[in-house]
Amino acid sequence: MEKDREEFKSTLRHGIEATIFEGLPASLGLIMVAEPAIRLLFQHGQISGHDADLIGQSLFFYAGAIWAFSILQIINRALLRHSRHRHARGDVRAEHRDQPGVEIPLLWWMGESAMAVGTLASFAVQALIMLWLLDRRVGGLGLSRIAVPSVKMLLATCLMGLALWLFRSSGVYPNGERRLVWAGQLGLLLAVGSATYLGACAVLRCNLITRQSSP
């Protein structure tokens, strides 16, 4: 029984770290490529440039919630698997409960993007709270083991964002209002972002933790 419990904790830590490895750059990366992606996919027909800008405002906040949403999926399943009591399932169902309380006041100020802000706030708060609840419920997950790798991944993500910002500000970045230009912008940003993040992770040695049954 004790061996199974430690294996459960080790697997969960590995899942959280893998999610951070993918979720952080996905959130920032989507924010950085949002403009050319939206214009390429949507700015045609009845969708004007102003409409594309409105879509981009919402995407900015939805993208920022990717990391939290991804972690929540792991925590939800872990709570359901670990707990056999109704009150624990109630914790899982509590997700999104406070989201309208954030969205409604912001509707008057931010308009359509208020829903995205509510989603970001709700997912971020829920991810942190539920991770704390799960840590208490299982008697400690040993999250300190993934603290250093997580900081390295955050640093690599910031370096990726800096590289993308510098590239967009350079003379190499193509400019124009044609679909071919937007496709080129998107492709180049994806290439630069991926290469920078993976390269930074390699230099920083952001190796994912190995699954271990020992604490």
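The protection proxy used here, the mean number of other Cβ atoms lying within 10 Å of each residue, ranks peptides 15-26, 136-147 as follows, highest first: 15-26, 136-147.
Each peptide among 126-134, 114-122 gets the average number of other Cβ atoms lying within 10 Å of its residues, and from highest to lowest they stand as 114-122, 126-134. Each peptide in 31-38, 73-80 was scored by the mean count of other Cβ atoms within 10 Å over its residues; highest first, the order is 31-38, 73-80.
Distance from the alpha carbon centroid of the stretch 39-70 to that of the stretch 120-192 works out to 17 angstrom. For L141, no residue 5 or more places off, or on another chain, has a built amide H under 5 Å of its own.
Throughout, read-outs are computed from the coordinates displayed, never taken from laboratory work. Keep in mind it's a predicted model, so treat the numbers as computed, not measured. Reconstructed Cβ throughout: ideal geometry from the backbone, glycine too, with neighbour counts over all protein chains shown.
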